[in-house]
Structure formats: structure tokens, C-alpha cells
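*Asks:* Before I ask anything, let me first share the structure, which is written out below as C-alpha cells.
The values are calculated or read from the model by the stated rules, or taken from the named source; none is laboratory data. Computed from a predicted model, the values in this text were never measured in an experiment. Heads up, the Cβs are rebuilt from the backbone with ideal geometry, glycines too, and the neighbour counts pull from every protein chain shown. Heavy atoms of the whole protein, side chains included, go into the accessibility calculation; ligands, DNA and RNA do not. Shrake-Rupley method; radii C 1.70, N 1.55, O 1.52, S 1.80 Å.
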Amino acid sequence: MENGKIVKVAGPLVVAEGMTSANMFDVVHVGKQRLIGEIIEMRGGNASIQVYEETAGIRVGDEVVTLGSPLSVELGPGLISTIYDGIQRPLEEIRAKVGSNIARGISVPSISRDAKWKFEPKVSVGDKVIAGDIIGVVQETNVVEHKIMVPYGVEGQIAEIKGGEFNVEEVVCVVDTEKGKKELTMMQKWPVRVERPYKEKLPPDIPMITGQRIIDTFFPMAKGGTAAVPGPFGSGKTVVQHQLAKWSDVDIVIYVGCGERGNEMTDVLMEFPELKDPRTGESLMQRTVLIANTSDMPVAAREASVYTGITIAEYFRDMGYAVALIADSTSRWAEALREMSGRLEEMPGEEGYPAYLTSRLAQFYERAGRVVCLGSDNRSAALSAIGAVSPPGGDISEPVSQATLRIVKVFWGLDSALAYARHFPAINWLNSYSLYEDRLGSWYNENMGREFMSNRETAMQILQTESELNEIVRLVGIDALSPADRLTMEVARMLREDFLQQNAFSDTDSYTSLEKQMGLMEVILHYSKVARSAIVGGADMEKIFTIPARDLIGRAKDVSQEAHKEEYAKILKNIDEEIAKIAEEGGER
């Protein structure tokens, strides 16, 4: 440890002299209260430090002590269902210790040293192990089996291993390496800014099924993919992210509230423990880690919260799990970068953001991916990263949105006009996109049949045609349209209201399986096809628009998962019979 002296205090930025042996990104303790900080710039013996706590009361001349190691997270049993702040301090533990306000300089272990975990060995004495091999498991929650892995850089023969109940600091295994005996505990440490290693990256060719129709059918995301959810205030970003956390087919969810409003973060903290995991029936918290960083916390901690979240996500990915990291919102992180850059007196880029904004965002998103993990069993796993972006006034031409869109492969653009019209999820189907479509096409063709993708193309063409026809309707009214165009408008309205709209608070509509999505789309497009044929044959257009089967189509999304095949077959039959009857009447005239 080396001591320095503070020469400048500027909000969350502190400059200390006499730090010649310190390194970039070393953790330091600042002042008498031992506030946690991180060195972000070195100039000779002067270190610029971003402090992750309120710096009020810190004075020139106060002492700074470097700990000689980078900002790291503790990884081991006890992570799941814990609520952390941005620098991995457990908030429940802090509240038990000091009450509701987080005292500055408080130090609480990230993982409890008292809790005992039942360790079940999976290797025997004499077995050869390499980094990433699973030496044992701990049943952390009812739904998550925590796999204890050989740390990176350790390789050798098991000299000793024991089962039983241990805390995370007790030795459970001894490995005979070339450099001597290495004692292993159930806990590892990893620097947050360093990507955890893997064997190889795999192509993103398996979809992450979310149960949200507009996402799965029109703008799918791959497992190990990256997505952005930009949208103005009130457009439903939080609800979309909650739905993704609840319904996505992933094993672990890491939710990072990065500089979010306190009330929104409170909603998450109150709601997640109450949410039932649809796959297991247990609380969603049984497979979730929450990182709560609110807008009234020091801005520097926003950057730490994002890196803390992705490092914990990588750790669970290394066990072989599919992990979803949901960050809300990266705009607040970018604002923190802008503030720190300004205080460092760096040359600003566009709108005052630092010139390295894009590279920082890229470093974060590029840690996502589907990979072959370290270890001799070649297990594969995926880490998907979904970031919300909150552009001021919903203007996505601003730097953070543009930088994000250059990096991510899926854009779910939220539209305030749709939100005000009570159309949720308010994802605009005309400007959203997914660059995984081509990669995932073969999976959909193989698992859902070629009809799924062709129906999707047909539906998208109808929605785009509606947008063009709306211009004509606004000028001369809907009566000026031909019967064929009127039908296109009607089918587009059915697609919007009966397919794209989804009620997050309905038990039957909150989640839709791919089979049910395909069936629902088929019902709407079948109506379109049969009605178009009848109208060409001279059938009464108004009668076709008001057949009783239209009401059944409107209620089709509320049909239960178990009964949907039978119900949709009935609706298809009704459509055929009712339109055939009208077509016959048309022919009689």
C-alpha cells in the first residue's frame, strides 16, 4: 500500500499526488472515511480518482491509500437473489447494519462469510483438472445449482477434496500444480473491467424466445445477442424489460438499474420478489441478481454498476447457463462518462460526450455472446445483453442512441405515439429491426416450418402497405380506397390490435409460445386470403368485414396455451363457412 495526498477535489473527481507506484484502475481509499475510489488517469505521480461515494467533507491534504489491486467482484454462492449497489455492496446487509441510509465508507463483504453452503464434490482425488472444470456443486436456490469451478490459471491434479457444509472462505479442494499445492475455496475474485476468458465464440444462430409476439416473430434476438430498447419517457421501456426478465428462456437474469429514478428502481425491487417464475413456479428472485444504482447516488458508481453486472453475468455463463443482462439505462452511464470527462478537462466530442463513448459502449456489449466455456467438458453457454437507452425527448439522433445502434444487432424502437394510444408493447414495427433474421432463419425453418417465415414476410408487407395507404386516407378519406385496399387496411388493423398488442397483466396473453404465435398469425392471414378471394368474386365487402368470426379472431390471443390449436382450428372453419356464405349471396345477385 502507498499513501498519497489530495491536491484537488471536484465533485466525484479527486486528484492525489505522491502515487508513483499506483496503477491505472487500482482501487483506493480516500480520506478518513475510507471512501472507495478508482484511479482513472495517471500523470506522473498524480492520480485522478473517480470516487464511488459522496465526496462532501473531503479536503485537500487528506490521505489516499491505494490497495494495489483493480476494482473486482466476489463470485461464489450467495449471489443469486441478492440486491447490490453499483460496487457490489449488499444493500440488505447494509440496512441491517446501519439502517436505511447508506453510510459513507461502510465496508460489508459482497458475499456473506457466515452462511454455510452444502458442497457436493464432482471430482475425485487423482483426477486431472484445468481452468473452468467443475469440481463440485452447491444448491444455491431451489432453481439454481451453483457450479464451483477451477479458477483461471490453475491446472493440475486433485490432491484433496471434501464434501460437507462450508462458508465461501473455507478450503474445499487442494490442487497439485506445477508451482505447488493450490488451495481452492468456493469464492473467486475477478476484475470488473477484464472480460472473463472462454474457449471460442459460437455463431448467434439460436433465438432467445421471449414470448413477446412482436419480438419473437418480427424482430427476434439470438441467444448471446445484443439489443437496444430506446424510447422516450413513458413509452414502456421498464415494462418491456420486466417482460424480458420474466419470460425469456434464460436460466439467470442480471438486472442492472444504472442511474435510474428511485421510484422506478423501487418498483423493480418490490415487484421482482413478487413475480412468479413461469417455468418453476418459484419467485423470479430465485434466479435473479439485482444491482440497484439510483440517480441520486454518485455518478461515478454508474460505470461500476454496469461492469459489475456484466462480470457477474459472465461468471454464470461460465457455468454453462444462458444468462440475460438487462441494463436500464445506458444513457445514465453515458451521462456519468460525460461528467467525469468534463472534470478531467478532456476534449469533448459531440454534445459534450467524451470521444471514447462508442468504444466504452462497445467494450460492454462485446462481452455478450454464445461461447464454448473453459473446461474439459466443452459446455456451451450464452450471455445476452439488452440495454435501454433514454434519449432526451425521444430523439434517437443523439450520440448515445447512435453509438449504441452502431454496436447492437437488434433495435426495438419504442414510440411515444403508440404508448399514448395505449398500444403496448409500444415497439414501432416500421423502424425497428433485427440483424439476426438471416442467421435465425434456418432455425425457424427447421423447428417451425418454412411457413412461419413466409407468414412473417406477408404480415410485414401488409403493415408497410397500411403505412403508405394511411397517407391517402388522411388526404381523401377511407371511402376513396378500392375494396382490395380497404381489406388491406382491415387486416393491418387486425395484425396491430390482435397480434402486436399484448397485455403484460393478462395471464393468458402475457406470454405466447412460438406455436401459438404461428397459429394466431395463420388465423389472421387466412382471413385475409379467403376474404380477398371473395371480394374479387364480387362478395359484399362490408358483410365480410363484420362476420361473427372477426370477434373470435379478436379474442384469439386470450385463448389458453393448452386449448389454442383446437380453438384456432374452429376459427379457421368459421371463417371459411361464413365468407363462403357471403360469396354465394354475392354470386346470386
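*Asks:* Which value, in Å to one decimal place, does the Kirkwood hydrodynamic radius take for the range 1-149 when every pair of different Cα atoms is included?
*Replies:* Values: mean 1/r = 0.0564 Å⁻¹.
Final number for the Kirkwood radius of the range 1-149 is 17.7 Å.
*Asks:* Further, regarding this structure: For S48, S442, give me the order by solvent-accessible area with a 1.4 Å probe, most accessible first, ignoring ligands, DNA and RNA. Numbers along the way, then the final one.
*Replies:* Values: S48 10, S442 75 Å².
Heavy-atom accessible area, descending, gives S442, S48.
*Asks:* Rg and Dmax of the chain, using alpha carbons, in Å: what are they?
*Replies:* 27.8, 99
*Asks:* Find how many whole Å separate the alpha carbon centroid of the range 65-84 from the alpha carbon centroid of the range 154-197.
*Replies:* 17 Å
*Asks:* Also: For the range 516-570 and the range 411-439, compute the distance between their C-alpha centroids and round to whole Å.
*Replies:* Here the answer is 24 Å between Cα centres.
*Asks:* Here is a further query. State the Kirkwood hydrodynamic radius of the range 186-240 in Å, one decimal place, computed from all pairs of distinct Cα atoms. Kindly include the intermediate steps, with their values, before the conclusion.
*Replies:* On the way: mean 1/r = 0.0683 Å⁻¹.
Result for the range 186-240, one decimal place: 14.6 Å.
*Asks:* Along the principal axes of its C-alpha atoms, what lengths does the range 434-589 span, in descending order and rounded to whole Å?
*Replies:* 47, 35, 32
*Asks:* Turning to a different aspect of this structure: Could you compute the net charge surrounding R456? Neighbours are other residues with a C-beta less than 14 Å from the C-beta of R456; K and R count +1, D and E count -1.
*Replies:* Working: positive: R213, R450; negative: D216, E437, D438, E451, E457, E522.
For residues surrounding R456, the net value is -4.
*Asks:* Kindly list the residues of the range 352-396 that lie in the label zone of K201, defined by a backbone N under 14 Å from the point 7 Å along the Cα-to-C-beta vector.
*Replies:* 362-372, 382-385
*Asks:* OK, next. Treat the range 37-123 as a sphere of radius equal to its Kirkwood radius over Cα pairs and apply Stokes-Einstein at 10 °C in a medium of 1.306 mPa s; give the translational diffusion coefficient in µm²/s, rounded to a whole number. Before the final figure, lay out each step's value.
*Replies:* Details: Rh = 15.9 Å.
Diffusion coefficient, whole number: 100 µm²/s.
*Asks:* Now, a different point. Within 10 Å, count the other beta carbons around each residue, average over each peptide in 6-13, 91-98, and list them highest first.
*Replies:* Values: 6-13: 17.5, 91-98: 14.1.
By packing density, highest mean first, the sequence is 6-13, 91-98.
*Asks:* Looking at the chain, what % of its DSSP beta bridges pair antiparallel, to the nearest 5? Walk me through the intermediate numbers first.
*Replies:* Values: 67 of 95 bridges.
Around 70 percent antiparallel, to the nearest 5.
*Asks:* Could I ask something else about it? Evaluate 2.2 N^0.38 Å with N set to the residue count of the range 392-461, then give the Cα radius of gyration divided by it.
*Replies:* Values: Rg = 15.0 Å, N = 70, 2.2 N^0.38 = 11.1 Å.
Working it through for the range 392-461, the quotient is 1.36.
*Asks:* Could you sort out which of K32/K118; K223/K557; K97/K118; K543/K570 sit more than 28 Å apart by Cα distance in this structure?
*Replies:* Values: K32/K118 40 Å; K223/K557 26 Å; K97/K118 26 Å; K543/K570 20 Å.
Violating the 28 Å Cα-Cα cut-off are K32/K118.
*Asks:* So, one more: Using a probe radius of 1.4 Å on heavy atoms only, what accessible surface per residue do you get for the chain? Whole Å² is fine.
*Replies:* Per residue, the chain has an accessible area of 42 Å².
*Asks:* At a 1.4 Å probe, what is the % contribution of carbon and sulfur to the accessible area of the chain? If you can, show how the numbers build up before the last one.
*Replies:* Details: 12120 of 24890 Å².
About 49 percent, which is the carbon plus sulfur part of the accessible surface.
*Asks:* What is the Å³ per residue value for the convex hull set by the Cα atoms of the range 480-550?
*Replies:* Values: hull volume 6.7 nm³, N = 71.
In the range 480-550, the Cα hull volume divided by residue count equals 94 Å³.
*Asks:* Taking the range 294-402 as the region of interest, what is the percent of Cα-Cα pairs per 10 angstrom bin, listed from the shortest bin to the one with the maximum distance?
*Replies:* 14, 40, 29, 14, 4, 0
*Asks:* I'd like the projected area of the range 342-432, averaged over all directions, using the convex hull of its alpha carbons. Report it in nm² with one decimal.
*Replies:* Details: hull surface 35.4 nm².
Averaging across all directions leaves 8.9 nm² for the Cα convex hull.
*Asks:* Could you report the accessible area of V73 in Å², rounded to 10, computed with a 1.4 Å probe on the protein chains as they sit in the structure?
*Replies:* Surface accessible to solvent at V73 totals approximately 0 Å².
*Asks:* When averaged across all projection directions, what area in nm² does the alpha-carbon convex hull of the range 46-92 cover? Each step should come with its number before you reach the end.
*Replies:* On the way: hull surface 19.9 nm².
Averaging across all directions leaves 5.0 nm² for the Cα convex hull.
*Asks:* Moving on. Taking the Cβ of S331 as the centre, find all other residues whose Cβ is under 15 Å away and add up their charges (Lys, Arg: +1; Asp, Glu: -1). Intermediate results must be reported in sequence, preceding the final value.
*Replies:* Working: positive: K237, R261, R302, R332, R338, R360; negative: E260, E264, E303, D328, E335, E339, E350, E351, D395, E398.
Summing Lys and Arg as +1 and Asp and Glu as -1 gives -4.
*Asks:* Any chance you could list P(r) for the range 174-298, counting all Cα-Cα pairs in 5 angstrom bins from zero, rounded to whole %?
*Replies:* With 5 Å bins starting at 0, P(r) equals 2, 8, 14, 17, 17, 16, 11, 7, 4, 3, 2, 0.
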